[in-house]
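The values are calculated or read from the model by the stated rules, or taken from the named source; none is laboratory data. Keep in mind that this is a model prediction, so the values were computed, not measured. Cβ atoms come from the backbone with ideal geometry, glycine included; neighbour counts cover every protein chain shown. With ligands, DNA and RNA removed, areas are computed over all heavy atoms of the protein, side chains included. Shrake-Rupley method; radii C 1.70, N 1.55, O 1.52, S 1.80 Å.
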Amino acid sequence: MTAQKNGPKSSPGTLPTSDFIRTIVQTDLKTNKFEGRVITRFPPEPNGYLHIGHAKSALLNFGIAADYGGVCHLRFDDTNPTKEEVEYVHSIQEDLRWLGLDWGDHLYYSSDYFDRLYEYALRLIQKGKAYVCDLSQDEIRRYRGNFTEPGKRSPFRERSVSENLDLFERMRAGEFEDGFRVLRAKIDMTSGNLNMRDPVIYRIMNVPHHRTGDKWCIYPTYDFAHGQSDSIEGITHSICTLEFEDHRPLYDWFLDQLNIHHPQQIEFARLNLSHTVMSKRKLLELVEQGYVTGWDDPRMPTLSGMRRRGYTPESIRVFCERIGVAKRENTVEIAMLEHCVREDLNKRALRAMAVLNPLRLVIENYPEGQVEELEAVNNPEDPSMGSRMVPFSRELYVERDDFQEDPPPKFYRLAPGKEVRLRYGYLIKCVKIKKDEETGEVIELRCTYDPETRGGQAPDGRKVRGTIHWVSAPHSIAAEVRLYDHLFATEKPDETTDGSDYRRSLNPNSLVTLSSCRLEPSLSSAKSGTPYQFERLGYFCLDPVDSSTGSLVFNRTVPLRDSWSKVKKA
């Protein structure tokens, strides 16, 4: 990442300059606390795909570095090889680049520091501040106590320095089975902060690491590696979410005992989004148990899922700007995110006509075999996007929902004897209907058109209130369209009142697949990554995975209706 030297300046896509973290950074620069340096980092664990909450954190860290002429590191905190995969490493980098973030040469891994971390552990043992413990995991948990009862000291806590050094070196040499022994920090078993009650800092795991191979059979815990990795990299501002606030005294203790560079840790509220879950453990469960098709399922809150669904990086950046940086936990309505997506797509999406639930319509007085080319605007918000020609013929498809045989009052679409406007076309009137003899279902509409009303305007000045979209039947193309909705039916699936599992709140209608859709022919050349507004229906994109075989599959990004905008106006 190239450092910016022109002083504090908020650029598009960074969080606003008024947040409390930037105030701290500005004060540190004035007092020369870190000799004028600003070095932040985004430190994901490679045990899952990034979600929208990670996007907020990444944009904050990279944005602060950019605003104050600093640099931001991308560091993978890869200390647990049982849960980490190279796939996750690659996906995280791809998602960050999609957001427009660039770390340049500043790509690091905690595994780069395993030798240094091991030396730090030896130093703590030599100072009498760490010991090898033979208690099992369950016994350590019981000895730890709880919020009302102090912990009990391990019977192995007073081992000598020489014995601890010998056992720790034998742990590294692979003499013991997984879980047989651990290295613990010797702090305070009576502390009111449970993180300070002799936490485990090294454990035995005879598992190869995706970068270091079989070199190590002991690995540092996240709590031990994280703060020291920040220190090694010279991080000035270690920005974390609120769940790490209680861990800060532990990180401070390690840094003070080792007498090494001490970054300043600052906590902010993580992003909680309604109608979804943000725990990587739960997202992994949804993937592994088949509730979704993968990490990139368009219903997932992952960046890869949002990208596949048609969300733009610009809309996510604007969303993160608007929600800001808070000190207290809160839940943001997913409608606000959808509003930002819709607002962005309205400016950039190409318009097209698509009929998702087709009903055949025949214009009886239109000449058989005749085809007209009607001009249609590509985007009324941006005249520079020009127009396209759409074919018009005697036989059309219209939406089944745009016709009712016995309509209620104020139904301004097609009905027997009613006249409507065809978008970009003519005024037509329904004169007959054809039904299936067995089911009684309407299967065809017979209409007449007024040839003097091309463009939808009547020369005699008569007013027609209804306008519907359509496609020419012989020219239309077949496609599958997937209508995505919220993954969970309840606003806060993690907070069930009856104590039930969060999966019971899954929305059974989160995906509706329509397989008989008909689209205007221009969409035959649709490209992945190009947003479209299907007029009157919503915003859609070509599915980049399932359309690769030649068939057309479109995903609905968001509907046209914007509930968040209405809430704001109210």
Under the Debye formula (equal points on every Cα, no solvent term), log10 I(q)/I(0) of the range 203-336 at q = 0.19, 0.21 Å⁻¹ | -1.18, -1.19
Tell me, rounded to the nearest percent, the portion of alpha carbon pairs in the range 354-430 spaced more than 14 Å apart.
-> 68
Under the Debye formula (equal points on every Cα, no solvent term), log10 I(q)/I(0) of the range 286-327 at q = 0.21, 0.24, 0.31 Å⁻¹ | -0.69, -0.77, -0.97
Show which aspartates and glutamates lie in cross-link reach of Lys434 when reach means a straight Cα distance below 17 angstrom and same-chain residues fewer than eight apart are skipped.
-> Glu364, Glu395, Glu399, Asp401, Asp402, Glu405, Asp406, Glu444
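What percent does the relative contact order of the chain come to when contacts are Cα pairs within less than 8 Å and at least six residues apart? Please list the in-between numbers first.
On the way: 1119 pairs, mean separation 66.2, N = 570.
Once divided by the residue count of the chain, the mean separation gives 12 percent.
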Positive-end residue, the range 77-164 charge dipole about Cα centroid, Cβ charges, pick of Tyr118, Ser160, Gln93 = Ser160
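Can you order the peptides 31-37, 537-543 by their average number of other Cβ atoms within 10 Å per residue, highest first? The partial results should precede the final answer.
Values: 31-37: 12.3, 537-543: 23.0.
Highest to lowest by the protection proxy: 537-543, 31-37.
Considering only protein heavy atoms and a 1.4 Å probe, what is the carbon-and-sulfur percentage of the accessible area of the range 449-536? Walk me through the numbers before you get to the answer.
Numbers: 2050 of 4630 Å².
Ligands and nucleic acids excluded, carbon and sulfur give 44 percent.
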For Ile433, other-chain or 5+-apart residues with amide H closer than 5 Å (H placed, Pro excluded) are Arg446
Charged-residue dipole, Cβ positions (Lys, Arg, Asp, Glu), the chain about Cα centre, Debye nearest 20 | 1320
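State the percentage of accessible surface on the range 179-278 attributable to carbon and sulfur atoms; use a 1.4 Å probe and exclude ligands, DNA and RNA. Walk me through the numbers before you get to the answer.
Numbers: 1460 of 3140 Å².
Carbon-and-sulfur percentage of accessible area, whole number: 46.
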Return the Cα extents of the chain along principal axes one, two and three, sorted largest first, each rounded to a whole Å.
-> 101, 58, 43
In whole Hz, what ³J(HN,Hα) sequence does the range 447-462 give by Karplus (6.51, -1.76, 1.60; θ = phi - 60°), x for Gly and Pro?
-> 10, 10, 10, 9, x, 8, 10, 4, x, x, 10, 8, x, 7, x, 5
Mind running the shape call on the range 217-263? Use the C-alpha gyration tensor, a ≥ b ≥ c as the square roots of the eigenvalues: rounded below 1.5 for a/c, prolate if a/b tops b/c, oblate otherwise.
-> rounded
Can you list, bin by bin at 10 Å, the percent of alpha carbon pairs in the range 144-248, starting at 0?
-> 13, 35, 35, 16, 0
Residue (of Ala349, Pro380, Gln370) at the positive-pole extreme of the range 348-389, dipole from beta-carbon charges | Ala349
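For Leu445, Leu284, give me the order by solvent-accessible area with a 1.4 Å probe, most accessible first, ignoring ligands, DNA and RNA. Show your work: numbers first, answer last.
Numbers: Leu445 0, Leu284 50 Å².
I get Leu284, Leu445, largest accessible area first.
Can you tell me the relative contact order of the range 401-529? Whole percent, Cα pairs under 8 Å, sequence separation 6 or more. Before the final figure, lay out the partial values.
Numbers: 195 pairs, mean separation 25.4, N = 129.
That works out to 20 percent.
Using packing as a proxy for protection, rank 548-554, 321-327 so that the peptide with the highest average count of other Cβ atoms within 10 Å comes first.
Details: 548-554: 13.9, 321-327: 16.0.
Averaged packing, sorted descending, gives the order 321-327, 548-554.
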What accessible area, in Å² to the nearest ten, does a 1.4 Å probe give for Arg400?
-> 60
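Would you please calculate the Kirkwood hydrodynamic radius of the range 418-570 over all C-alpha pairs and express it in Å, rounded to one decimal?
Radius from the Kirkwood sum: 19.3 Å.
Which value, in nm² and rounded to one decimal, describes the direction-averaged projected area of the C-alpha convex hull of the range 204-283?
On the way: hull surface 29.0 nm².
Over all viewing directions, the range 204-283 projects a mean Cα-hull area of 7.2 nm².
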Where the centroid of each part is defined by its Cα atoms, how far is the range 523-551 from the range 228-255 in Å?
-> 44
Going residue by residue through the range 325-337, the Karplus relation 6.51 cos²θ - 1.76 cosθ + 1.60 with θ = phi - 60° gives ³J(HN,Hα) values, rounded to whole Hz and with x marking Gly or Pro, of 10, 10, 9, 10, 5, 7, 10, 8, 5, 4, 4, 5, 4
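Using alpha-carbon pairs under 8 Å, 6+ residues apart, how would you state the relative contact order of the range 90-225 in percent?
Normalised by residue count, the contact order of the range 90-225 is 22 percent.
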Full-extension gain in nm, Ser162 to Leu242, via 0.36 nm per residue minus C-alpha separation | 24.9 nm
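Compute the Cα gyration tensor for the range 273-367, then decide on rounded, prolate or oblate, letting a ≥ b ≥ c be the square roots of its eigenvalues: rounded whenever a/c is under 1.5, prolate when a/b is larger than b/c in the other cases, and oblate in all that remain. Write down the numbers at each step before the final one.
Details: a/c = 3.11, a/b = 1.69, b/c = 1.84.
Note, shape of the range 273-367 comes out oblate.
Would you tally the net charge around Ala473, using a Cβ to Cβ cut-off of less than 10 Å, leaving Ala473 out, and scoring K and R as +1, D and E as -1?
Every neighbour counted, the sum reads +2.
Tell me the volume per residue, in Å³, of the convex hull enclosing the alpha carbons of the range 89-179.
Residue-normalised Cα hull volume stands at 188 Å³.
For the range 130-185, what does the alpha-carbon gyration tensor say about shape, rounded, prolate or oblate, given a ≥ b ≥ c as the root eigenvalues, a/c under 1.5 as rounded, and a/b over b/c as prolate? Mind dumping the intermediate values first?
Values: a/c = 3.37, a/b = 1.74, b/c = 1.94.
Oblate.
Share of antiparallel DSSP beta bridges in the range 185-268, in percent to the nearest 5?
On the way: 4 of 9 bridges.
If I count the DSSP bridges inside the range 185-268, around 45 percent turn out antiparallel.
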Listed by chain and number, the residues whose amide H is under 5 Å from that of Ile201, excluding neighbours fewer than 5 places away on the same chain and using placed H, are Leu183, Arg184, Ala185
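Of the DSSP beta bridges with both residues in the range 207-365, give the percent that are antiparallel, rounding to the nearest 5. Spell out each step's value before the answer.
Numbers: 1 of 8 bridges.
Counting only bridges with both partners in the range 207-365, antiparallel ones make up about 10 percent.
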Rounded to whole angstroms and listed largest first, the alpha-carbon spread of the range 390-451 along its three principal axes comes to 35, 26, 17
Only Lys, Arg (+1) and Asp, Glu (-1) charged, at Cβ; the range 359-491 dipole about Cα centre in debye | 460
Volume per residue that the Cα convex hull of the range 290-442 spans, once the total is divided by residue count, Å³ = 219
Using θ = phi - 60° and the Karplus curve 6.51 cos²θ - 1.76 cosθ + 1.60, what whole-Hz ³J(HN,Hα) does each residue of the range 386-401 get, with Gly and Pro shown as x?
-> x, 9, 9, 9, 10, x, 10, 9, 5, 10, 10, 10, 10, 6, 4, 5
Cα-based equivalent ellipsoid of the range 34-99: semi-axis lengths in Å, sorted from largest, via gyration tensor = 24, 14, 8
Treat every Asp and Glu Cβ in the range 265-356 as -1 and every Lys and Arg Cβ as +1, leave all other atoms uncharged, and give the resulting dipole magnitude about the Cα centre to the nearest 20 debye.
-> 160
Given a 1.4 Å probe, the accessible area of the chain per residue, as a whole number of Å², is 45
